[in-house]
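The values are calculated or read from the model by the stated rules, or taken from the named source; none is laboratory data. In this text, all values refer to a predicted model and were calculated from it rather than measured experimentally. Glycine gets a Cβ as well: all are built from the backbone with ideal geometry, and neighbour counts include every protein chain shown. SASA here: full protein model, heavy atoms, side chains in, ligands and nucleic acids out. Shrake-Rupley method; radii C 1.70, N 1.55, O 1.52, S 1.80 Å.
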Amino acid sequence: MKILVIGSGGREHAIIRRLAADHPAPELHAAPGNPGIAELATCHDLSLSDLDAQVALARQLSPDLVVIGPEAPLVAGSADRLRAAGLTVFGPSAAAAQLEGSKSWAKEIMAAAGVPTAASVTVTALEELGAGLDRVNPLSDVPFVVKADGLAAGKGVVVTPDRDAAIAHGEAVLTAGGSVVLEEFLDGPEVSLFCLSDGTRVVPLAPAQDFKRALDDDEGPNTGGMGAYSPLPWAPEGLADEVVRAVAQPTIDEMASRGTPFVGVLYCGLALTSRGVRVVEFNARFGDPETQVVLERLASPFAPLLLAAACGDLSAVPPPSWHDSAAVTVVVACAGYPAAARTGDVIAGIDAAEMLGTHVIHAGTVRDEHGALLSAGGRVLSVVGAGEDLEAARVLALAGAEAITLEGCQHRRDIARTAARDAQSDPVTQSASSAGSSAGAGTAPDAPSTPISDEGASA
């Protein structure tokens, strides 16, 4: 099998790494790829915004499958263009990708499908902001949730107890010409669940949890994600099946009934509230850094799953199976991230990290004319550790992250720490107390104290 993966980040590196582990391994191509991807696939230099170039490359390569990684080309119609050229594509059409491209439209779909989610109001004028906040947070006794309606590269959400800060963010979005979705704050821990869809059927992958704040103990500014782990020992049994029943399948059914079938991966960002599962948001692609840990645990072949979804028949392949081991990823970010990410610094220590038993995913790297590896983005690397339990996995991932040398770099040291500790002390009690508890956000293992949303995480 020949597969072309479109994208250049950590998500795409993780996808290609897992595809390369299939037996037999497919012939892999990436556009544009990155230095880490180049060790596993043939990379082709093109712009993610150049849909003509993507179609031309795909026609030249004639792959059995094209996998589109990032959200921007999906919303721009890359999958439509490739399908029109006769290619088999894993990724939703531009119309279906509006589940991520427009938060207000996603709310409309959820309402029609009866999917439980946070109450919300869409605001298009400055004078509506105050009244909108009062509607979704009438007592002002929980944080305000303010989201840019469209794609915002993971930087469109503010969750804050400060009403003035919430209004300021909304004003900034509106002044820039966008609209704003104001949401009810959801209590409870957060879960990310990828659901593969062939347009009709839904197959869930393993749940994961990520960490959005830049600093330990969920302090600091919002980021695109500083780490993730899987499995979730505290999650209620049967969570994935419940999400398929109450969230993913009704959404896929509603999309199909509107003539916009969703083919690809529906990323369900969820809050396990005192009232049950609630959708925080949908994404139309795999999320980063959760992809790194979910695919690390995937035991069954990956390419046949993606191909079956793209061909419209997930029933043609067995459901995915999973390793019993745990996986933790720790993101190594550049100096100044997220406010003022510094690029162009030399990266070293990857070989040392991998000699410890980790693997290192490239997310924001580039090589200069001399072949030196340099930082080229805010989240530069993602170090993945696997072990028999979460504690073993997190210790390994942390050791790998600390082997990386990059001037001014930063990483969190508490990824999966609470979940690992509680699982070792009393996993049965922990799992029961976390499922549907009435406690507020942050009481379950590693749940952020102020849930936030960014690149597929919650608000």
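Observations, loosely collected:
- Members of the stretch 203-224 that are part of a loop (DSSP other than H, G, I, E, B) and modelled with pLDDT under 95: 212, 223, 224
- Against the test of being at pLDDT below 95, open to solvent by less than 20 Å² (accessible area, probe 1.4 Å), under 18 Å from the mean Cα position of the chain (by Cα) and over 26 Å from residue 386 (Cα atoms), the options 247, 280 yield a single qualifying residue, 280.
- Checked against the criteria, residue 57 counts as of a type in the set (A, V, I, L, M), over 20 Å from residue 286 (Cβ atoms) and either outside any loop (DSSP other than H, G, I, E, B) or in contact (Cβ under 8 Å) with a residue 24 or more places away in the chain (or both).
- Subset of the stretch 93-123 [under 19 Å from residue 178 (Cβ atoms) and open to solvent by less than 40 Å² (accessible area, probe 1.4 Å)]: 94, 97, 99, 100, 101, 102, 103, 104, 106, 107, 121, 123
- Scanning the stretch 1-15 for residues that are aliphatic (A, V, I, L, M) and either at pLDDT below 95 or within 16 Å of residue 365 (Cα to Cα) (or both) gives a single hit, 14.
- Members of the stretch 304-348 that are without any contact (Cβ under 8 Å) to a residue 12 or more places away in the chain and either crowded, with 20+ Cβ neighbours inside 10 Å or outside any loop (DSSP other than H, G, I, E, B) (or both): 316
- Residues (open to solvent by less than 40 Å² (accessible area, probe 1.4 Å) and in a helix (DSSP H, G or I)) located in the stretch 358-391: 390
- Some residue of the stretch 134-157 being open to solvent by less than 50 Å² (accessible area, probe 1.4 Å), more than 30 Å from residue 95 (Cβ to Cβ) and assigned to a strand (DSSP E or B): yes
- Selection within the stretch 18-51: residues that are over 24 Å from residue 366 (Cβ atoms) and either in contact (Cβ under 8 Å) with a residue 24 or more places away in the chain or within 23 Å of the chain's Cα centre (by Cα) (or both). The member of this set that is surrounded by the fewest Cβ atoms within 10 Å (Cβ to Cβ) is 23.
- Hits in the stretch 171-202 - residues which are surrounded by 24 or more Cβ atoms within 10 Å (Cβ to Cβ) and at pLDDT below 90: 180, 181, 183, 186, 188
- Screening 215, 295 for residues that are closer than 17 Å to residue 394 by Cα, surrounded by fewer than 23 Cβ atoms within 10 Å (Cβ to Cβ) and not aromatic (Phe, Trp, Tyr) leaves exactly one candidate, 215.
- Selection within the stretch 148-194 - aliphatic (A, V, I, L, M), farther than 30 Å from residue 238 by Cβ and touching a strand residue (DSSP E or B) at 6+ places or on another chain (Cβ under 7 Å): 148, 158, 165, 166, 173, 174, 180, 181, 182
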